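Below is one structure, written out as structure tokens; the observations come after it.
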Amino acid sequence: MASAGVQLLAFALALSGVSGVLAATLLPNWKVNMDAGSNIITAIERLEGLWMDCAWYSTGMFSCTLKYSVLALPSHEQAARAAMILACILSAVGICTSTVGMECTRLGGDPETKRHACFAGGVCFLSAGTSGLIPTVWYTKEIIANFLDSAVPQSNKHEPGGAVYLGIISAVLLVISGMIFCTSCLKKNSGALLHPCKLPPVSTAQPEDSSAYTLKDYV
């Protein structure tokens, strides 16, 4: 029962991680640049994401431009696109697999099959968290290096946006969830090895037979 509760907690963390990774992939605020002009009317906030660039004017107007050309993007943005898509796919597979392998569900058949499904779901979550953590950290490193470069004009310097932080937190949640799923399944397997099924004791008593000879017959 305790293991089922731990798996439910891990599943809740995984759902939060999947939602966060998907939102971070689609949001346009991976890096933010606040450009204040000579007056408040011309002040704008530029947002750049993996799929679109947006501008938010102080008057309230909001406009976005899609990034159609993949080859025109920097290498870290191309890698971030591929890695975040892979993280979304792996986390979706992990949700389906872990649902089959959880103790509180009636899917998956026998306990051994459910243990394998539970472990496979944990591996998917670990892979998805790693795939989401690497591009977000790399993207943040590129933003900070560009910001600290004195050769870059002030108008071209950016700061990490909310989508980057959301992606990092969501990836960490997926890694934690995967570790919980894997360890819970390993504990079950080790317990089965330490406490093997005991066979019923074999009775050595011989059945009484009325036709069998007894010693008193020879006396």
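Brief remarks on what is shown
- Here VAL123 passes the criteria (1) in a helix (DSSP H, G or I); (2) open to solvent by less than 50 Å² (accessible area, probe 1.4 Å) except the one numbered (2).
- The range 150-188, residues that are open to solvent by less than 30 Å² (accessible area, probe 1.4 Å), more than 16 Å from LEU126 (Cβ to Cβ) and in a helix (DSSP H, G or I): ALA163, VAL164, GLY167
- For beta carbons closer than 6 Å, sequence separation of 6+ or different chains, a first residue in the range 134-159 that is on the phi < 0 side of the Ramachandran plot and a second that is among the basic types (Lys, Arg), the qualifying pairs are ILE143/LYS31; PHE147/LYS157; HIS158/LYS31.
- In the range 82-110, residue nearest to VAL21 (Cα to Cα) [restricted to those that are of a type outside the set (A, V, I, L, M, F, W, C), part of a helix (DSSP H, G or I) and touching a residue at least 40 places away in the same chain (Cβ under 8 Å)]: SER91
- Residue within the range 51-74 that is at pLDDT 90 or above and in a loop (DSSP other than H, G, I, E, B) present: yes
- Qualifying residue in the range 98-117 (condition: more than 12 Å from ALA14 (Cβ to Cβ), surrounded by 19 or more Cβ atoms within 10 Å (Cβ to Cβ) and modelled with pLDDT of 85 or more): yes
- If the condition is being out of contact with any helix residue (DSSP H, G or I) (no Cβ under 7 Å at 6 or more places or on another chain) and either under 15 Å from ILE169 (Cβ atoms) or among the aromatic types (Phe, Trp, Tyr) (or both), then the range 138-149 contributes only PHE147.
The values are calculated or read from the model by the stated rules, or taken from the named source; none is laboratory data. Just so it is clear, the structure is predicted and the values come from calculations on it, not from any experiment. Positions of Cβ are generated from backbone atoms using ideal geometry, with glycine treated the same way; all protein chains shown enter the neighbour counts. What goes into the accessible areas is simple: the full protein's heavy atoms, side chains included, and nothing from ligands, DNA or RNA. Shrake-Rupley method; radii C 1.70, N 1.55, O 1.52, S 1.80 Å.
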